[in-house]
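Working notes, structure below.
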Amino acid sequence: MLDRLLPRLKLNPQKPVLWFHCASVGEFNTAKPILLELKKHFFILLTYFSPRAKVFLQKQKEFYDALHPLPLDLPFSIDRFLRQVQPIALLIMERELWYFLIKKTKTKKILLNAYAKGSMIERILSKEFDLIVCRTEEDKKKFESFGAKAIACGNLKFCVEREEKRVEIETLEGKTIVAGSFHTSELEFLKAFYKALSERFKNLNLIVVPRHPSKVDVFMKKLEDFKPCLKSSKKSDCRVMVVDTLGELFYLYKYGDLSLVGGSFAEGIGGHNILEPIYHRKFAIFGPYTQKIKDLEDFVLSKGLGFKVESVSEAVDLATRIINGEIVYPPQFDLRQYAKQIKDCYLSWILEILWENKRWAERPP
């Protein structure tokens with residue numbers, strides 16, 4: 001708490017300082033593609049609000065130059081922080097609308113990946129920003145009605161930043177289902193789905209990626225009727241494979257003919273990232289419990305890139321139609337290109353506002 005009340009920073013930046021604030025791990029992950037590009041040209045001072053974010057962020061140093069908790073929203077704490085940092089701009093993710101933070105910071109201010117709710121504090125503080133980059137045209141119009149300067153670029157959540165990584169897997173001949181980020185509470189759904197679909201397609205492979213690797217033994221036990229094997233065993237004669245290696249789900253989705261995305265087939269979780277299989281042009285099938293990913297769900301359903309199901313039978317019928325080619329992935333839509341357009345839009349507007357400062361000798365490309 002003391003470092004938030006009385007911040008003490010000793011920076012030795014060789015580039016102009018950008019103060020970039022994310023409340024939590026989720027917002028930081030969303031900001032990664034932007035941070036990675038801005039770090040090439042600026043000294044990135046990253047602040048965070050959630051105490052639980054600290055340990056995670058300390059392992060993400062490739063995205064920033066210095067890390068500090070957000071100062072308390074008190075005039076003297078903010079003033080002290082600003083004197084030590086001397087940023088050329090403050091960039092804030094989504095909805096971190098702290099009164100003194102925004103009022104006391106007199107340099108350029110940009111709100112990113114913004115969405116409008118119409119609260120009083122939002123109406124008051126939105127006019128303080130030099131630019132608000134919004135998710136949708138509707139958000140843009142709302143902020144403009146508050147008297148703010150706004151532009152719509154899209155949702156940064158679509159810009160998943162992934163390192164190039166080669167992940168290989170061998171499957172038996174036949175169709176393949178990838179079930180990603182599954183919880184133990186969803187295993188009954190998965191078992192019933194695979195059993196029913198296997199009756200329609202005799203040579204059917206299932207790649208299961210547990211959400212929590214520590215639960216691999218539970219998955220092996222619950223799926224024992226299907227004679228599963230572990231990915232690390234490198235067996236080549238099993239139809240059901242449980243992945244016990246880390247950090248590979250995104251790359252494994254490309255091996256499926258379609259995907260089930262977990263976290264959505266049992267209550268109390270709220271859904272996981274349904275965009276990942278779509279990056280590989282694979283349909284995503286997910287369940288009814290999606291309260292945490294409603295924005296992604298709306299997008300995926302509107303573009304015909306995935307399907308929400310309410311029951312095992314509905315999922316089996318849908319998977320059957322996809323495997324038989326009755327439902328075809330939209331040939332005109334490429335999520336990677338769509339994400340690139342969003343990222344480029346954000347970066348071009350950010351640099352346009354920052355360049356107005358003319359605080360460095362050469363403008364970044």
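The values are calculated or read from the model by the stated rules, or taken from the named source; none is laboratory data. Source: prediction; values computed, not measured. Here the Cβ positions follow ideal geometry from the backbone for every residue, glycine too, while neighbour counts run over all protein chains shown. Just the protein is used for accessible areas: all its heavy atoms, side chains included, with ligands, DNA and RNA removed. Shrake-Rupley method; radii C 1.70, N 1.55, O 1.52, S 1.80 Å.
Summary table below
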{"quantity": "Signed unit charges on C-beta, dipole axis of the chain, positive-most listed residue L112, C159, L249", "calculated": "L112"}
{"quantity": "Acute angle (nearest 10 degrees) that the helix 187-200 long axis makes with the longest principal axis of the chain, alpha-carbon atoms", "calculated": "50 degrees"}
{"quantity": "Tilt relative to the chain, helix 25-38 - C-alpha long axis, 0 to 90 degrees, to 10", "calculated": "70 degrees"}
{"quantity": "Heavy-atom SASA rank of R95, R166, R321 (probe 1.4 Å, accessible area, largest first)", "calculated": "R166, R321, R95"}
{"quantity": "DSSP-loop trypsin sites (Lys or Arg not before Pro) across region 212-279, with at most 11 other Cβ within 10 angstrom", "calculated": "K234"}
{"quantity": "Length-normalised contact order for region 148-240 - Cα pairs under 8 Å, 6+ apart - percent", "calculated": "31 percent"}
{"quantity": "Listed pairs K61/K106; K109/K343; K234/K340; K254/K343; K10/K165 exceeding 26 Å between Cα atoms", "calculated": "K61/K106; K234/K340; K10/K165"}
{"quantity": "Theoretical gain in end-to-end length, A192 to D217 [0.36 nm per residue, Cα-Cα removed]", "calculated": "7.1 nm"}
{"quantity": "Whole-angstrom gap from region 72-114 to region 202-222, using each part's C-alpha centre", "calculated": "46 Å"}
{"quantity": "Expected-Rg normalisation [2.2 N^0.38 Å, Cα atoms] applied to region 175-312", "calculated": "0.97"}
{"quantity": "Extension gain, K10 back to E224 (0.36 nm per residue minus Cα-Cα distance, nm)", "calculated": "71.3 nm"}
{"quantity": "Extended-chain gain in nm, criterion 0.36 nm per residue less alpha-carbon gap, S348 and Q291", "calculated": "17.3 nm"}
{"quantity": "Vicinal HN-Hα couplings computed from phi for region 56-72 (Karplus, 6.51 cos²θ - 1.76 cosθ + 1.60; Hz; Gly/Pro x)", "calculated": "5, 5, 4, 9, 10, 5, 5, 9, 7, 9, 8, 10, 7, x, 5, x, 4"}
{"quantity": "Cα-projected label distance for E356 with Y99, points at 7 Å along beta-carbon direction, nm", "calculated": "2.6 nm"}
{"quantity": "Nearest-0.05 FRET efficiency for Q60 and K165, computed from C-beta distance (R0 22 Å)", "calculated": "0.85"}
{"quantity": "Cβ-Cβ FRET estimate between K234 and K303, R0 fixed at 30 Å, reported to 0.05", "calculated": "0.20"}
{"quantity": "Distance cut-off 25 Å, percentage of C-alpha pairs in the chain lying past it", "calculated": "59 percent"}
{"quantity": "Accessible area in square angstrom per residue, region 167-229, 1.4 angstrom probe", "calculated": "51 Å²"}
{"quantity": "Compactness index (Cα Rg / 2.2 N^0.38 Å), region 69-162", "calculated": "1.11"}
{"quantity": "Antiparallel DSSP beta bridges within the chain, as percent of all bridges there, nearest 5", "calculated": "0 percent"}
{"quantity": "Rounded accessible area of R211 (nearest 10 Å², 1.4 Å probe)", "calculated": "100 Å²"}
{"quantity": "Accessible area, probe 1.4 Å, largest first, for residues K141, K39", "calculated": "K141, K39"}
{"quantity": "Summed residue charge, Cβ within 11 Å of C238's Cβ, Lys/Arg positive, Asp/Glu negative", "calculated": "+3"}
{"quantity": "Cα-based helix-to-principal-axis angle, 335-355 vs the chain, degrees rounded to 10", "calculated": "10 degrees"}
{"quantity": "In nm, spacing of pseudo-spin labels at K149 and T245 (7 Å Cα→C-beta vector)", "calculated": "5.0 nm"}
{"quantity": "Sum of -39500 (n - 2.57) over DSSP H runs of 4+, divided by residues of the chain (222 nm, nearest 500)", "calculated": "-10000 deg cm²/dmol"}
{"quantity": "Percent RCO, i.e. relative contact order, over the chain, from Cα pairs under 8 Å lying at least 6 residues apart", "calculated": "13 percent"}
{"quantity": "Residue range of the chain that is longest and free of GluC sites (Glu not before Pro) which are both DSSP loop and sparsely packed (at most 14 other C-beta within 10 Å)", "calculated": "1-162"}
